[in-house]
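For reference, the structure is listed below as structure tokens.
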Amino acid sequence: MSGNSLGNLFRITTFGESHGKAIGVVIDGVPAGLKLSEEDIYFELKYRKPGNKYVSTRKEEDKPQILSGIFNGKTTGMPIAILIENKDAMPIHYEEIKHKPRPGHADLPFIEKYGYENWDYRGGGRSSARETVARVAAGAIAKKLLLLYNTMVAGYIKASADLFIEGTPNFDDILCSRESEVRTIKREENKFKE
């Protein structure tokens, strides 16, 4: 499947399915000597963790396990492999849609590209939002690398349909969006207009 790998100098390859045993990522291109722990990665993962009433009822711990590329708390310069177990996977819930691709999901394009017999209907398989846990784990490492160059990254949603934020929020306001259950900048502080 195309789309499993991304990047050149900092290259990630993700693996696993939404309702399989685990999701994971292999990151290549991280120089030796960067201090890195599972807690550093978990710090970022907890912000995309399911279980929020507005996002998903699925409850996953999202505890990363670093399998390789770290020794004595620092990167070795070799590929870093990270595994995140799927502990709340319930593939039985998807049996009734086994023969019915869901509108608004990637089910039908997947069937068209890879064949019906290869479609993992259990929560979308590789095309599930659950796959983003691997990308966020890799992003946590990228953020640590960028800090070495005094560079921080943050993002926000400027508009969604007819809802929008007037003006441009400052960097600290964007970072504070993590306090919101849906990761949006607060209305009262940023003149959120409807």
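The values are calculated or read from the model by the stated rules, or taken from the named source; none is laboratory data. Bear in mind the structure is a predicted one, so any value in this text is a computation, not a measurement. Please note: Cβ atoms are built from the backbone with ideal geometry, for glycine as well, and neighbour counts cover all protein chains shown.
For the reader, a short list of remarks on this structure follows.
- Per-region count, segment 97-108, residues exposed (fewer than 12 other Cβ atoms within 10 Å of the Cβ) and either more than 16 Å from E17 (Cβ to Cβ) or of a type in the set (G, A, S) (or both): 4
- Yes/no for V133 being outside any strand (DSSP E or B), modelled with pLDDT of 85 or more, surrounded by fewer than 13 Cβ atoms within 10 Å (Cβ to Cβ) and touching a Lys or Arg at 6+ places or on another chain (Cβ under 7 Å): no
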